[in-house]
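The next block holds one structure in the form of structure tokens; read it before the comments.
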Amino acid sequence: MNTTTLEILKQLSHETYIDGTTIGNTLGITRAAVWKAIQKLQNDYHIAIESHRVHGYKLQSPLIMLDQAKILAAVAVENVALECLTTVDSTNTYLQNSALKSDYHICIAEEQRQGKGRFDRVWCSPFAENLYYSLKVSLQKELSELSGLSLAVAVSVAKALVNKYPTLDIKIKWPNDIYINAKKLSGILIEVKAESNAQSQIVIGIGVNVNMQQRDDITQDWTSLTSELNHYIDRNDLAIDISNELISTLERFENKDFSAFVDDYAEYDYLKGKTIGLNILNKEVITGIAHGVNALGQLRLKTDDGERLFASGEASVIKKS
């Protein structure tokens with residue numbers, strides 16, 4: 001999105017109309033240029049804008065843009081670098097290619113052109129609807145000491161959501177998907193690179209469905225915060241809460257390990273007690289009853305051959321016929 005189109009979007013409100021002449025005078029462009037940008041917002045970014053021949057333009061629903069200053073001011077620690085971007089291929093990729101600017105380097109985007117999920121899947125990232133968030137950090141831990149990190153991150157996201165929206169029944173589907181009522185709300189992607197001196201450089205990607213209400217290109221059952229709560233959500237507030245909870249979790253994990261989070265994880269465990277099929281690298285599906293996780297974050301699965309432990313795989317609940 002170019003600067004002019006973005007500035008026009010910022011002029012629009014869902015409560016009152018603003019006419020093309022006023023927008024044009026404010027930005028120093030013609031009414032025709034305003035109209036062309038409105039068309040682009042509608043067609044390319046799928047933003048619902050109401051047009052009126054006399055009154056001008058109005059958003060059909062609320063739209064609050066990311067506010068870098070607001071988020072940064074509310075993060076509880078000082079050693080944080082924050083970038084709010086309009087468009088990016090992937091927030092994870094952006095941070096992977098960026099130098100670590102502080103102890104914690106956060107990137108949040110209005111949209112991702114190539115959003116990434118687990119197993120090289122595409123993460124649906126429509127403009128200004130959801131939270132596309134990544135944090136880069138260097139931890140004093142070797143790769144072998146990072147077992148369970150993704151589960152600890154999932155606990156931090158779950159806690160942030162529960163504290164913010166206590167009426168929601170937030171669960172974690174092993175290893176790190178956030179679910180509400182058997183539907184996916186959020187996903188986490190962690191990418192790690194070993195460094196010298198027993199350190200690991202980690203990029204944590206978190207996607208949360210916030211204000212998205214209709215998509216035909218998502219094949220699995222999903223939900224969003226606005227669908228569950230029936231009102232518009234300010235993504236800035238959510239970004240603040242997730243940042244503070246995530247940073248606290250990373251500090252705790254670095255000083256300890258996942259064993260410090262096992263009880264918290266059990267509180268949100270979506271799979272425990274359910275009969276599941278565990279797909280292992282698309283080669284084998286193992287059936288059993290999920291029995292929580294161990295101190296390494298491994299899934300405990302009760303099978304006909306006894307309890308087995310799994311460090312990776314994709315679980316699906318087998319519904320009773």
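The values are calculated or read from the model by the stated rules, or taken from the named source; none is laboratory data. None of the values given here were measured: they were computed from a predicted structure. Because the Cβ atoms are built from the backbone with ideal geometry, glycine has one as well, and the counts that use them run over all protein chains shown. When the accessible area is computed, the model is the full protein with side chains, heavy atoms only, and any ligands, DNA or RNA have been set aside. Shrake-Rupley method; radii C 1.70, N 1.55, O 1.52, S 1.80 Å.
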**Message:** Could you go through the stretch 280-301 and let me know if any residue there is among the charged types (D, E, K, R), under 30 Å from GLN199 (Cβ atoms) and modelled with pLDDT under 95.
**Reply:** no
**Item:** In the stretch 50-63, residue nearest to LYS10 (Cα to Cα) [restricted to those that are open to solvent by less than 70 Å² (accessible area, probe 1.4 Å) and in a loop (DSSP other than H, G, I, E, B)]
**Value:** LEU63
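May I ask you to list the residues in the stretch 174-195 that are assigned to a loop (DSSP other than H, G, I, E, B) and in contact with an Asp or Glu (Cβ under 8 Å, 6 or more places away or on another chain)? So that I can check it myself, show each step before the final result.
Residues of the stretch 174-195 that are assigned to a loop (DSSP other than H, G, I, E, B), as a first pass: 174-176, 181-182, 195.
Selection gives TRP174, ASN181, ALA182.
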**Message:** If TYR232 meets every condition in (1) free of Cβ contacts under 8 Å to residues at least 12 places away in the same chain; (2) open to solvent by 50 Å² or more (accessible area, probe 1.4 Å); (3) out of contact with any Phe, Trp or Tyr (no Cβ under 9 Å at 6 or more places or on another chain) apart from one, which number is that one?
**Reply:** (1)
**Fill in**
All conditions in (1) in contact (Cβ under 8 Å) with a residue 12 or more places away in the chain; (2) under 25 Å from ASN230 (Cα atoms) are true of LEU95 except (2)
**Prompt:** Which condition breaks for LEU146 when tested against (1) of a type outside the set (Ser, Thr, Tyr); (2) within 12 Å of the chain's Cα centre (by Cα); (3) closer than 23 Å to SER312 by Cα; (4) buried (at least 19 other Cβ atoms within 10 Å of the Cβ)?
**Reply:** (2)
**Prompt:** So how many residues does the stretch 290-304 have that are open to solvent by 80 Å² or more (accessible area, probe 1.4 Å), touching a residue at least 60 places away in the same chain (Cβ under 8 Å) and in a strand (DSSP E or B)?
**Reply:** 0
**Asked** Are there any pairs, at least 6 apart or on different chains, whose C-beta atoms fall under 9 Å, with the first in the stretch 66-82 and closer than 19 Å to LEU95 by Cα and modelled with pLDDT of 95 or more and the second open to solvent by 70 Å² or more (accessible area, probe 1.4 Å) and not small (Gly, Ala, Ser), and if so, which?
**Response** VAL80/LEU72; VAL80/ASP103; ALA81/LEU72; ALA81/LYS101; ALA81/ASP103; LEU82/GLN68; LEU82/LEU72
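Looking at the stretch 1-39, which of its residues are among the charged types (D, E, K, R) and either part of a loop (DSSP other than H, G, I, E, B) or free of Cβ contacts under 8 Å to residues at least 12 places away in the same chain (or both)? Give the derivation first.
If we filter the stretch 1-39 for residues that are among the charged types (D, E, K, R), which is where we start, we get 7, 10, 15, 19, 31, 36.
Within the stretch 1-39, GLU15, ASP19, ARG31, LYS36 meet the criteria.
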**Message:** Give me the residue from the stretch 305-319 that is touching a residue at least 12 places away in the same chain (Cβ under 8 Å) and either in contact with an Asp or Glu (Cβ under 8 Å, 6 or more places away or on another chain) or among the charged types (D, E, K, R) (or both) and, out of that set, surrounded by the fewest Cβ atoms within 10 Å (Cβ to Cβ).
**Reply:** GLU307
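Among the residues of the stretch 261-289, what is the count of those that are in contact (Cβ under 8 Å) with a residue 40 or more places away in the chain, assigned to a helix (DSSP H, G or I) and among the acidic types (Asp, Glu)? Explain how you work it out, then say what you get.
Residues of the stretch 261-289 in contact (Cβ under 8 Å) with a residue 40 or more places away in the chain: 261, 264-265, 268-271, 274-277.
Filter once more, so that each one left must be assigned to a helix (DSSP H, G or I): 261, 264-265, 268.
Remaining after also requiring among the acidic types (Asp, Glu): 264.
Total meeting the criteria: 1.
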**Item:** the stretch 265-289: number of residues that are closer than 17 Å to ALA311 by Cβ, surrounded by 13 or more Cβ atoms within 10 Å (Cβ to Cβ) and β-branched (Val, Ile, Thr)
**Value:** 3
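Among the candidates GLU245, GLU251, which residue alone is out of contact with any strand residue (DSSP E or B) (no Cβ under 8 Å at 6 or more places or on another chain) and free of Cβ contacts under 8 Å to residues at least 40 places away in the same chain?
On inspection, the qualifying residue turns out to be GLU251.
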**Item:** Near pairs, Cβ below 6 angstrom, 6+ apart or cross-chain, from the stretch 172-184 (touching a residue at least 24 places away in the same chain (Cβ under 8 Å)) to any residue that is assigned to a loop (DSSP other than H, G, I, E, B) and buried (at least 22 other Cβ atoms within 10 Å of the Cβ)
**Value:** TRP174/LEU271
